[in-house]
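Below is one structure, written out as structure tokens; the observations come after it.
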Amino acid sequence: MKKYLLKRLAFIVFVLLGVSIITFVISHVIPGSPEAMWVGSKPTQEQLDAAIKELGLDRPLPIQYLNYVKNLAMGDLGVSLRTRRKVSEELNRRWAATFELVSVSMLIALILGLPIGVLSATHKDKPLDHTSRLFSISGVAMPVFWLGMTLQLFLHGGLKILPLQGRIDSQVLIDHPINRITGFYLLDSLLTSNWPALASSLMHMIMPAMTMSFACLAIVTRMSRSSMLEVLKEDYIETSMAYGVSRVSVLYKYALKNALIPTVTVVGLNYGLMLGGSFMIESIFDWPGLGRFAVLSIQTNDFPAIMGVTILFALTYVILNLVIDLIYFLIDPRIQRPGEGT
């Protein structure tokens, strides 16, 4: 196991280096004037020249990259050209909002998608199965921006039961400030018994989480259904049924466990895709996360911020894939554990 983990960690380092090289080159060769953004409006030529030297843009691109990697190894992600704050501080302020939204959305997809997939597989070619497949197709085909705006019109504009946008009501945050522990508003307000903040955070979470989870919910449903159909054909399932084992135990204790590996793989991949695609949801619901920060950074060619967001997303994605690989060995003991010989 130790040898396996060391190999995977080395692989993570190479992946991050590759991502950093590609992102660094692209962000530095596209047209733009980062020195003008750094100086401000109506700069003089002397100010521009001084900014170019201060930012190190007068050096060859390979030297600039080596200096960036050296600073990165010491935990320095640079300074945002747009906000004039350290990129690490900007990421620290925003990452929890994005990860909380994506995690809640994924949790909704799992809680609903797995049972629907199991029921669809056990009622193959019946009305429930057809309804499930129609739901899955619509979830994959429906644009998230259209769904988000439709929910806003219906649940806020029509029924007026949910807030339009934001992460928490500003007045609630002033009256009942959240004691930051993890950065997740729902968890922190729960841990500190801050019930007004918890209620407001939960109400603001519902619409964006529903919107983001819908496409993933459809994928989880389809994958769990197809995996369950394969498992239900196995002899041990029929034998368990013949011995009088309860149907619920057979389905959820034996069959679902063995059908989880493909589903877990899809969940991990979609979690990464949801992280990268969160900018649209965050823009629609004015969610103060990394997605909006990344979009604004790209629009202004704020390359230190672009690099920081990209590296953080890449690091999260590769670590998540490592965790999923380790989960495989917990789900199915038939899989050889890392480091064990054949």
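So, in segment 295-322, exactly how many residues are within 14 Å of the chain's Cα centre (by Cα) and closer than 22 Å to S105 by Cβ? Spell out the reasoning first.
Pass one, segment 295-322, residues within 14 Å of the chain's Cα centre (by Cα): 309-321.
Subset that is closer than 22 Å to S105 by Cβ: 309-310, 312-321.
Matching residues across segment 295-322 total 12.
Being among the hydroxyl-bearing types (S, T, Y) and without any contact (Cβ under 8 Å) to a residue 60 or more places away in the chain holds for only one residue in T44, T98, and it is T44. The residues listed here are L290, L232; of these, the one that is touching a residue at least 60 places away in the same chain (Cβ under 8 Å), under 30 Å from I22 (Cβ atoms) and not charged (D, E, K, R) is L290. Residues considered: R94, R82. Of these, the only one that is surrounded by 20 or more Cβ atoms within 10 Å (Cβ to Cβ) and not aromatic (F, W, Y) is R94.
Keeping to segment 105-123, report how many residues are in contact with a Phe, Trp or Tyr (Cβ under 6 Å, 6 or more places away or on another chain) and surrounded by fewer than 19 Cβ atoms within 10 Å (Cβ to Cβ). Walk me through it before giving the result.
Going through segment 105-123, the residues in contact with a Phe, Trp or Tyr (Cβ under 6 Å, 6 or more places away or on another chain) turn out to be 106.
This time we only want the ones that are surrounded by fewer than 19 Cβ atoms within 10 Å (Cβ to Cβ), so: none.
So the answer is 0.
For segment 224-308, no helices (runs of 4 or more DSSP H) sit wholly inside it while including 1 or more residues that are at positive phi and either among the basic types (K, R) or in contact with a His (Cβ under 7 Å, 6 or more places away or on another chain) (or both). Restricted to segment 28-86, the set of helices (runs of 4 or more DSSP H) holding at least 1 residues that are aromatic (F, W, Y) and in the same structural domain as F293 (by TED's automatic domain parsing) is empty. Scanning segment 231-259 for residues that are closer than 19 Å to P115 by Cβ and either surrounded by 14 or more Cβ atoms within 10 Å (Cβ to Cβ) or touching an Asp or Glu at 6+ places or on another chain (Cβ under 9 Å) (or both) yields V231, L232, I237, V250, L251, Y252, Y254, A255, L256, K257, N258, A259.
In segment 235-267, what count of residues is obtained for those that are closer than 23 Å to D325 by Cα and free of Cβ contacts under 8 Å to residues at least 24 places away in the same chain?
Residues of segment 235-267 closer than 23 Å to D325 by Cα: 252-267.
Add one more test, that the residue is free of Cβ contacts under 8 Å to residues at least 24 places away in the same chain, and what stays is 253-254.
Here the count works out to 2.
Per the conditions (1) among the β-branched types (V, I, T); (2) without any contact (Cβ under 8 Å) to a residue 60 or more places away in the chain; (3) touching a Leu at 6+ places or on another chain (Cβ under 9 Å), the sole criterion not satisfied by T150 is (3).
Conditions tested, residue by residue: (1) out of contact with any helix residue (DSSP H, G or I) (no Cβ under 8 Å at 6 or more places or on another chain); (2) modelled with pLDDT of 85 or more; (3) over 25 Å from F293 (Cα atoms).
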{"site": "V39", "(1), (2), (3)": "no, no, no"}
{"site": "L57", "(1), (2), (3)": "no, no, no"}
{"site": "L66", "(1), (2), (3)": "yes, yes, yes"}
{"site": "D76", "(1), (2), (3)": "no, yes, no"}
{"site": "T83", "(1), (2), (3)": "no, yes, no"}
{"site": "K86", "(1), (2), (3)": "yes, yes, no"}
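So that you can scan it fast, the table gives a plain yes or no per residue for (1) among the aromatic types (F, W, Y); (2) surrounded by fewer than 18 Cβ atoms within 10 Å (Cβ to Cβ); (3) modelled with pLDDT under 80:
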position	(1), (2), (3)
V267	no, no, no
M274	no, no, no
M280	no, yes, no
L296	no, yes, no
F303	yes, no, no
I311	no, no, no
L322	no, yes, no
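The values are calculated or read from the model by the stated rules, or taken from the named source; none is laboratory data. Since the structure is predicted, the reported quantities are computational estimates derived from the model, not experimental observations. With ideal geometry, Cβ positions are generated from the backbone for all residues, glycine too; neighbour counts draw on all protein chains shown.
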